[in-house]
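Chemist: Before I ask anything, here is the structure I am working with.
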Amino acid sequence: RGYFSPQLMSELKNAVDNGSQAIIFQNRRGYTPVLMCKECGWIAECDNCNTTLTFHKKENKLSCHYCSTSYQIPECCPKCASKTFTVKGLGTERIQEQLEQIFPGVRVERLDMDSANTVSEYENVLHSFQEGEFQILVGTQMVTKGLDFDRVGVVGIMEGQNLSARADFRSSERAFQLIAQVAGRAGRKDKRGTVILQTTQPQDIVVKYVTRNDYKGFYNEILQERRALLYPPFCRLVEIIVKHKNPSTATAGANSLARELQTVLGDCVLGPQSPAIDRIGTLYIRRIIVKIAGASLEDVKGHICTLAEKLLLNIHFTGLQVLFNVDP
């Protein structure tokens, strides 16, 4: 039964037998996010970004989903020369393959940026599903919003624990929204549907409230947490992103800017820190967060711009990039 729980398998089988439709949601495209050497544990990574490469089985290639660089599958491990590889993780392409094996003869289609990267391809898949030309649709966030299908009776959500695992104070909020949106694809109009959420963390706050459809309870708990830690809506945020091809220069520039900002703005300046993926497209990234509560946003932005311009004029930081994101 692949990566599908007994409950989800039972619901999918009933849907197939009864001629209704099902949607499987996985917020990760490709076949698998990790290609690993069985012998030494080497993992294929992007040359330009600090991230693993996603294996796309249909094209038989490795791809970086940040800089879009493609790589050939290595014939042997570059570390130990072994020719045995394994894959780890789950993408939409792999789910589609498993469903086609589990339900032979049942047409399964995929909707993600790999299978439908133009408007016409996207519309063709949705039109075919709407007309009942196939029974199971596997997709990323492209299947979650603004879609209304009469025949959908089952929605399966894979790896729910990953939806709120990002290092972002809004990750729980976004996970709740996403799950609620994709769950709304089941049981449209006067028909009752079934939603199966698979997760390894059933105690998670998002799972706790979304399974009860308790938006107010979730809202109140998150709001209390935001108030205690002084995060929006109780303050404004300015994200400052410092980039450079040299990691030492990126760190030094971010440290210098943060010190200057702390002199003017005090403890409301957080960082600098390296994000989880700290190199994209050969540029190393450092982040500074400025919290603004009780002060003028325009005044703070003025201080930030003045100090950033001063930094960029420093000959030691030639090639440094400083970007701003208000209310990230």
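The values are calculated or read from the model by the stated rules, or taken from the named source; none is laboratory data. Everything numeric in this text was worked out from a predicted model, so none of it was measured. Note that we place each Cβ from the backbone using ideal geometry, even for glycine, and neighbour counts take in every protein chain shown. Please note that ligands, DNA and RNA were not included when accessible areas were found on the heavy atoms of the full protein model with its side chains. Shrake-Rupley method; radii C 1.70, N 1.55, O 1.52, S 1.80 Å.
Residue-by-condition table, conditions (1) over 21 Å from the mean Cα position of the chain (by Cα); (2) of a type in the set (Gly, Ala, Ser):
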{"position": "GLY2", "(1), (2)": "yes, yes"}
{"position": "SER5", "(1), (2)": "yes, yes"}
{"position": "ALA44", "(1), (2)": "no, yes"}
{"position": "CYS49", "(1), (2)": "no, no"}
{"position": "HIS65", "(1), (2)": "no, no"}
{"position": "ILE73", "(1), (2)": "yes, no"}
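Chemist: Now a separate question. Looking at region 191-211, which of its residues are open to solvent by 90 Å² or more (accessible area, probe 1.4 Å) and more than 24 Å from the chain's Cα centre (by Cα)?
Modeler: If the condition is that a residue be open to solvent by 90 Å² or more (accessible area, probe 1.4 Å) and more than 24 Å from the chain's Cα centre (by Cα), then LYS191, ARG192 are the ones that fit.
Chemist: When both residues are 6+ apart or on different chains and their Cβ atoms are under 7 Å apart, which pairs have a first residue that lies in region 5-24 and is within 19 Å of ASP148 (Cα to Cα), and a second that is open to solvent by 70 Å² or more (accessible area, probe 1.4 Å)?
Modeler: Cβ pairs passing all conditions: SER20/ARG151; GLN21/ARG151.
Chemist: Okay, next question. Restricting attention to region 69-84, does a residue exist that is assigned to a loop (DSSP other than H, G, I, E, B), open to solvent by less than 60 Å² (accessible area, probe 1.4 Å), aliphatic (A, V, I, L, M) and modelled with pLDDT of 90 or more?
Modeler: Yes, region 69-84 contains a residue that is assigned to a loop (DSSP other than H, G, I, E, B), open to solvent by less than 60 Å² (accessible area, probe 1.4 Å), aliphatic (A, V, I, L, M) and modelled with pLDDT of 90 or more.
Chemist: So, in region 241-277, how many residues would count as being within 21 Å of the chain's Cα centre (by Cα) and either open to solvent by less than 30 Å² (accessible area, probe 1.4 Å) or free of Cβ contacts under 8 Å to residues at least 40 places away in the same chain (or both)?
Modeler: First, pick out the residues of region 241-277 that are within 21 Å of the chain's Cα centre (by Cα): 241, 273-277.
Next cut, either open to solvent by less than 30 Å² (accessible area, probe 1.4 Å) or free of Cβ contacts under 8 Å to residues at least 40 places away in the same chain (or both) only: 273-274.
Matching residues across region 241-277 total 2.
Chemist: Let me ask another. Regarding region 271-291, can at least one residue be identified that is in contact with a helix residue (DSSP H, G or I) (Cβ under 7 Å, 6 or more places away or on another chain) and in a helix (DSSP H, G or I)?
Modeler: Taking every residue of region 271-291 in turn, none turns out to be in contact with a helix residue (DSSP H, G or I) (Cβ under 7 Å, 6 or more places away or on another chain) and in a helix (DSSP H, G or I).
Chemist: Scan region 137-154 residue by residue and report those that are in a strand (DSSP E or B) and either touching a helix residue (DSSP H, G or I) at 6+ places or on another chain (Cβ under 6 Å) or more than 24 Å from THR32 (Cα to Cα) (or both). It would help to see each step written out before you state the result.
Modeler: We begin by selecting, within region 137-154, every residue in a strand (DSSP E or B); these are 137-139, 152-154.
Within region 137-154, LEU137, VAL138, VAL152, GLY153, VAL154 qualify.
Chemist: Still on this structure, I have one more. Could you tell me whether TYR66 is of a type in the set (Ser, Thr, Tyr), closer than 30 Å to PHE134 by Cα, touching a residue at least 12 places away in the same chain (Cβ under 8 Å) and not in a strand (DSSP E or B)?
Modeler: Numbers: of a type in the set (Ser, Thr, Tyr): yes; closer than 30 Å to PHE134 by Cα: no; touching a residue at least 12 places away in the same chain (Cβ under 8 Å): yes; not in a strand (DSSP E or B): yes.
No, not satisfied.
Chemist: Hey, can you tell me all the residues within region 107-131 that are touching a residue at least 24 places away in the same chain (Cβ under 8 Å), open to solvent by less than 30 Å² (accessible area, probe 1.4 Å) and either out of contact with any helix residue (DSSP H, G or I) (no Cβ under 6 Å at 6 or more places or on another chain) or closer than 17 Å to MET9 by Cα (or both)? Outline the logic, then answer.
Modeler: Looking only at region 107-131, we keep the residues that are touching a residue at least 24 places away in the same chain (Cβ under 8 Å), and these are 107-114, 116, 129.
So of that shortlist, the ones also open to solvent by less than 30 Å² (accessible area, probe 1.4 Å) come out as 108, 110-112, 116, 129.
Once the filter is applied, which keeps residues that are touching a residue at least 24 places away in the same chain (Cβ under 8 Å), open to solvent by less than 30 Å² (accessible area, probe 1.4 Å) and either out of contact with any helix residue (DSSP H, G or I) (no Cβ under 6 Å at 6 or more places or on another chain) or closer than 17 Å to MET9 by Cα (or both), region 107-131 yields VAL108, PHE129.
Chemist: Being modelled with pLDDT of 90 or more and surrounded by 21 or more Cβ atoms within 10 Å (Cβ to Cβ) is the filter here; which residues of region 156-171 pass it?
Modeler: Of everything in region 156-171, those that are modelled with pLDDT of 90 or more and surrounded by 21 or more Cβ atoms within 10 Å (Cβ to Cβ) turn out to be GLY156, ILE157, MET158.
Chemist: Further, regarding this structure: Please determine, by comparing only the residues of region 221-240 that are farther than 21 Å from VAL326 by Cα and under 25 Å from the mean Cα position of the chain (by Cα), which one is least open to solvent (accessible area, probe 1.4 Å). First the steps, then the outcome.
Modeler: Our first condition is that a residue be farther than 21 Å from VAL326 by Cα; within region 221-240, this holds for 221-222, 224-225, 228.
If we keep only those that are under 25 Å from the mean Cα position of the chain (by Cα) as well, we get 221-222, 225.
Values: GLU221: 70, ILE222: 19, GLU225: 100 Å².
Among them, the one singled out is ILE222.
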